[in-house]
Amino acid sequence: MVQRCPACGARHPGSERCRRCGCELHGLTRLLAVARQAEREAVHGLLAGEISQAQRAAERAQALDRQGLGAALVGFLAWRGRQS
């Protein structure tokens, strides 16, 4: 979920438009939902031992949201690969 408007920085209460500047936030909200789904897929892949699937999903999540769990998962999987 969008926490702040990317245009003006106003707190976002969950509406389709920013209350301060009117910026349309629906597309960004949808994009972040796709990133969260990719993060869940990465975690499930990791737990199932499907490391290549987890890596692809984590990279997809990170590409959509660099501040989300995807970035941490990419880092963890890279570290894990170096440890093997």
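With respect to (1) out of contact with any strand residue (DSSP E or B) (no Cβ under 7 Å at 6 or more places or on another chain); (2) over 22 Å from V74 (Cα atoms); (3) not acidic (D, E), the lone exception for R36 is condition (2).
I'd like to verify a number: residues in segment 29-70 that are within 13 Å of the chain's Cα centre (by Cα), farther than 24 Å from G14 by Cα, crowded, with 17+ Cβ neighbours inside 10 Å and hydrophobic (A, V, I, L, M, F, W, C), how many? Going through segment 29-70 one residue at a time, the tally reaches 3. Of all residues in segment 1-33, those satisfying the criterion of being touching a strand residue (DSSP E or B) at 6+ places or on another chain (Cβ under 9 Å) and under 21 Å from A72 (Cβ atoms) are Q3, R4.
Each reported figure results from applying straightforward, stated rules to the coordinates on display, with no laboratory input. Note that the structure is a prediction, hence the values are computed from the model and not measured. Note that each Cβ is placed from the backbone with ideal geometry, even for glycine, and that neighbours are counted across all protein chains shown.
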